[in-house]
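The values are calculated or read from the model by the stated rules, or taken from the named source; none is laboratory data. All of these numbers come straight from a predicted model, not from anything done at the bench. Neighbour counts are summed over all protein chains in view; Cβ atoms, including those assigned to glycine, are modelled from backbone coordinates with ideal geometry. Please note that ligands, DNA and RNA were not included when accessible areas were found on the heavy atoms of the full protein model with its side chains. Shrake-Rupley method; radii C 1.70, N 1.55, O 1.52, S 1.80 Å.
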Amino acid sequence: MQTIFDLSVSGRRASTIPQAGVEENEPAIPSHLLRKTPPALPEVSERDLVQHYTRLSQKNWAIDVGAYPLGSCTMKYNPKINEQIASLPGLRNLHPWQNEADAQGALAMLWEMERALAEITGMKRVTFQPAAGAHGELTGLLIMRAFHQSNGDPRKTVLIPDSAHGTNPASVRLAGYQVRQVPSDDRGLVDLAALEDALDETIVGIMLTNPNTLGLFEKDIEKIAKAMHSVGGLLYFDGANLNAIMGKVRPGDMGFDIVHMNLHKTFSTPHGGGGPGAGPVAVTERLERFLPAPMVEFDESSCNYFWDPDRPDSIGRIHGFHGNFGIVARAYAYYRALGGEGLKKVSERAVLNANYLRTIIESKYPLAHPGLCMHEFVSTARRFKKLGVRGMDVAKRLIDLGFHPPTVYFPLVVEESLMIEPTETESKQTLDALGKALLQISDEAESEPDLLHSAPTTTPVGRLDEARAARQLRLRWTPELAKELTG
Ligand SMILES: *Cc1c(COP(=O)(O)O)cnc(C)c1O
């Protein structure tokens, strides 16, 4: 595959910049800071540039191309109106240092969005600074720490169920705490007895997602909350699965103290390519004073929105300015288009779609925990193992049949797991086609296992060495690397 550097021809340009009509008295950059040799940039025409990146984009999979049932990631279709609204000049060109008086609309938008998210989660206040779910987790843990420290009660250990997302234990370590794992029971839920055993006055709190990563609702959540609060610990809600419960049940009513939301998942922003996200964090009244500064406030007498930096107990800043504002603008457009009733339908249909697909494939891909699921379910490809076929083979073959694979080998507690989240935006026809493709793969596992081993064959590159790719991260192209790779 060619890189843009391979297309470079000395002297080619994609644009011409006219000469300045005036003489420069003094060079803008002092001569000792100027480069001696120009950087090695590719020199290409506009035509080559557009062609190169358009072709490259066509080699990739995207939600705008087809279904993307990647469990835990909520890869729903993102309505284009969100993009249009976020690119309105008044939002897009706004400078973070703009006077408050000139940015009243943007502040009002943040304020309104905060009210909406507080209502959806059953919390008091929300910060928009965190840039992703994992960043929200760290923010929440720092709030937990500030809370315990303010009580003169330094604690050490955060409880995490064994089905948790990998970012949870990573965030706990980053916040300077220790992790203690809580096992799941045979229902796939937190083992209440084991949790109660682990509880004492050294426990900071627990991080839970509900529904959990197995797509199951933690039915004992009120008991868990009561037990945790009785030893002075806090409950953190990993809101990555909010898509299953909006308008139905609220983390605040379940007993949670802190919630993060992944706006790029639930509130419809294109994600997965490493681009910007938003992981706002919501808290109950007793934790409000620890939120990052500044917060948007509204002065009713003068009818003015403003930034309030005066928060003496705040954990401080967690992001420059006010987080990824453009993602909040997309989320706001999405929320305003749907309204409260619409968001409720989103969750109802996400759950309906998951259950519909589940019933199509369950005879061939048994569920780790049979029965109704929430917005996603975890199947296992374990029974193909004796045929020499693994979950990864099923996933790769699905690419050849025109679908993005589900999440494989996560959560870790299920052997050969396939974690499937169709989301509410896929039609019945698409779900039928996806189900049919998975059933076809199940037949192929019996009749033609080699077909599965060699998949994908329809993509520009076949199987990658995933372990090497993860261990030897080399993301930056250099001429030296190119030479090394081409031998
Ligand atoms: C996606 C996800 C996260 C991490 O969120 P990011 O926005 O990717 O940082 C955390 N927990 C769960 C359950 C998730 O699915």
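Taking each residue as 0.36 nm, the span from Arg468 to Met1 lengthens on full extension beyond its C-alpha to C-alpha distance by 166.2 nm.
If the label point is 7 Å along Cα→Cβ of Thr54, which residues in region 456-474 have backbone nitrogen under 20 Å from it? Residues 460 qualify, since their backbone N sits under 20 Å from the label point. A simple spin-label model places pseudo-atoms 7 Å from Cα toward Cβ; at Asn151 and Gln429 they are separated by 5.6 nm. With helices defined as uninterrupted DSSP H runs, which ones in the chain have an alpha carbon span along their own long axis of at least 30 Å and mean Kyte-Doolittle hydropathy of at least -0.5? Helices passing the filter in the chain: 325-361.
For region 260-289, the residues whose backbone nitrogen is under 18 Å from a point 7 Å from the Cα of Val65, taken along Cα to Cβ, are 270-275.
Considering only DSSP states other than H, G, I, E and B, which GluC sites (Glu not before Pro) in region 56-117 qualify as loop sites with at most 11 other Cβ atoms within 10 Å? Kindly include the intermediate steps, with their values, before the conclusion.
Details: sites: Glu83, Glu100, Glu112, Glu114; in loops: none.
Here no loop site has a sparse enough neighbourhood.
Using C-alpha pairs under 8 Å with a sequence gap of at least 6, the mean separation divided by the residue count of region 80-337 gives a relative contact order of 28 percent. Per residue, region 206-291 exposes an accessible area of 28 Å² to a 1.4 Å probe, with every protein chain left in place. Of the trypsin sites (Lys or Arg not before Pro) in region 305-346, the ones in a loop by DSSP (not H, G, I, E or B) with at most 15 other beta carbons within 10 Å are Arg317.
Where does the chain land at 222 nm, in deg cm²/dmol rounded to the nearest 500, when only DSSP H runs of n ≥ 4 count, each adding -39500 (n - 2.57), divided by all residues? Provide the component values of the computation, followed by the final result.
Details: 16 runs with 180 residues, N = 487.
Per the formula, -11500 deg cm²/dmol.
Loop-located GluC sites (Glu not before Pro) in region 150-240 (DSSP state other than H, G, I, E, B) with a sparse environment of at most 15 neighbouring Cβ atoms within 10 Å: Glu201.
Could you work out how much longer the chain between Arg173 and His229 gets when fully extended? Use 0.36 nm per residue separation minus the Cα distance between them, nm to one decimal. Write out the running numbers ahead of the final one.
Details: separation 56, 0.36 × 56 = 20.16 nm, distance 2.23 nm.
Difference between extended and current length: 17.9 nm.
The relative contact order of the chain, computed from alpha carbon pairs under 8 Å that lie at least 6 residues apart in sequence, is 18 percent. Residue separation of Thr37 and Lys345 scaled by 0.36 nm, minus their Cα-Cα distance, works out to 105.0 nm of gained length.
Between region 132-186 and region 381-431, what's the alpha-carbon centroid distance in Å? Computed from Cα coordinates, the inter-centre distance equals 30 Å.
Using a 1.4 Å probe on the protein heavy atoms, what percent of the accessible area of the chain belongs to carbon and sulfur?
Working: 13120 of 24460 Å².
Using a 1.4 Å probe with all protein chains present, the chain comes out at 54 percent carbon and sulfur.
Each residue of region 127-132 was assigned a 3J(HN,Hα) from its phi angle through the Karplus curve 6.51 cos²θ - 1.76 cosθ + 1.60 (θ = phi - 60°); the sequence is 9, 9, 5, x, 8, 6 Hz, with glycine and proline shown as x.
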